[in-house]
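Trainee: Before I ask anything, here is the structure I am working with.
The values are calculated or read from the model by the stated rules, or taken from the named source; none is laboratory data. Keep in mind that what you see is a predicted model, and the values were worked out from it rather than measured. As a convention, Cβ positions derive from the backbone with ideal geometry for all residues, glycine included, and neighbour counts pool all protein chains shown.
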Amino acid sequence: MKLQGIFTGTIPILEKVLNLRSIKHNSIVSNITNMDTPNYKAFDFIVEEELGKVMGAGRNFELKRTKSGHLPAREIRFDNIRPKSAASPQFARRADGNSVNIDKEMANLAENNLMYNALAQILSKKFQGLKNVIEGGGK
């Protein structure tokens, strides 16, 4: 029987997605930073598409049920995620050839920050639960 450690399951998934959100943040900030650079083409780091592929791929793989009362489960492999950068759709370009839309970038930044903070809170709760178990429960 394969033993599972306390850092299997949700924690590695959250770690990977937090890393992806951090990379997306850097790409958004790069676009904002270059909003006045002539001929700069805005780009987007696509996180959701890759996560969707991985989540969809896991639907075809069922884990072995050791007892009939167990619910069926599926394995999700996040080590296959290869996020990609993509040029943002053509916006109304300025005369200098720059394609950064500051309103869109600020909205993307706000959305990404919300997603990152939510994931960080979930991870924090996981570690608080582990700490509670180690300390022997709610004293």
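Trainee: Could you check how many residues of segment 29-57 are modelled with pLDDT under 85, in a helix (DSSP H, G or I) and surrounded by 16 or more Cβ atoms within 10 Å (Cβ to Cβ)?
Mentor: Within segment 29-57, residues that are modelled with pLDDT under 85, in a helix (DSSP H, G or I) and surrounded by 16 or more Cβ atoms within 10 Å (Cβ to Cβ) number 3.
Trainee: At pLDDT 90 or above, outside any helix (DSSP H, G or I) and over 14 Å from the mean Cα position of the chain (by Cα) - does that describe any residue in segment 71-78?
Mentor: Within segment 71-78, the subset at pLDDT 90 or above is none.
No: zero hits.
Trainee: Output the number of the condition that S22 fails; it satisfies all remaining conditions of (1) of a type outside the set (D, E, K, R); (2) modelled with pLDDT under 85; (3) closer than 30 Å to K131 by Cβ.
Mentor: Going through the list (1) of a type outside the set (D, E, K, R); (2) modelled with pLDDT under 85; (3) closer than 30 Å to K131 by Cβ, S22 breaks only (2).
Trainee: Hey, can you tell me all the residues within segment 17-45 that are over 20 Å from D103 (Cβ atoms) and of a type in the set (A, V, I, L, M, F, W, C)?
Mentor: Residues satisfying the conditions are V17, L18, L20, I23.
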